[in-house]
Amino acid sequence: MALLHITSENYETEVLKSDKPVLLDFWAAWCGPCQMIAPVVEQVAEELADVRVGKVNTDEQPELAGEFGIMSIPTLVLIKDGKEVKRSVGAVSKQEIIDFATK
């Protein structure tokens, strides 16, 4: 599935109303660890058919980052049925991201 770019404008449609779990990657362009996991997040988005994957640029979407209480990036948040079910802070491996999103 294609990687989604989540904004305040499309958050409700793409995340809250999604019929599949949504993995959100909160990131920023200046964040080294964010840049390190970015290609991995893109691979996961292509490989997982049952999970939608979206990226939230915290500099461009400060209201979404604030709504989720994001204090450190990268932060991964898994949303199911419109509710946060778990989160992970810091750079992690591809397998850890897949396990986080699917288990």
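So here's what we get for this one:
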| quantity | calculated |
| --- | --- |
| Qualifying positions in the stretch 8-36 - of a type outside the set (D, E, K, R) and more than 18 Å from M71 (Cα to Cα) | S8, N10, Y11, T13, V15, L16, S18, P21, V22, M36 |
| The stretch 1-35, residues that are part of a helix (DSSP H, G or I), surrounded by 15 or more Cβ atoms within 10 Å (Cβ to Cβ) and acidic (D, E) | E14 |
| Matching option when the condition is modelled with pLDDT under 95 and either surrounded by fewer than 20 Cβ atoms within 10 Å (Cβ to Cβ) or part of a helix (DSSP H, G or I) (or both), among A49, A38 | A49 |
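Residue-wise test of (1) loosely packed, with under 12 Cβ neighbours inside 10 Å; (2) closer than 21 Å to E47 by Cβ; (3) touching a residue at least 12 places away in the same chain (Cβ under 8 Å).
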{"site": "Q61", "(1), (2), (3)": "no, no, yes"}
{"site": "G66", "(1), (2), (3)": "yes, no, no"}
{"site": "G69", "(1), (2), (3)": "yes, no, no"}
{"site": "S72", "(1), (2), (3)": "yes, no, yes"}
{"site": "I79", "(1), (2), (3)": "no, yes, yes"}
{"site": "G82", "(1), (2), (3)": "yes, no, yes"}
{"site": "Q95", "(1), (2), (3)": "yes, yes, no"}
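The values are calculated or read from the model by the stated rules, or taken from the named source; none is laboratory data. Quick caveat: nothing in here was measured; it's all calculated off a predicted structure. When we count neighbours, we look across all protein chains shown, and the Cβ atoms used for this are built from the backbone with ideal geometry, even at glycine.
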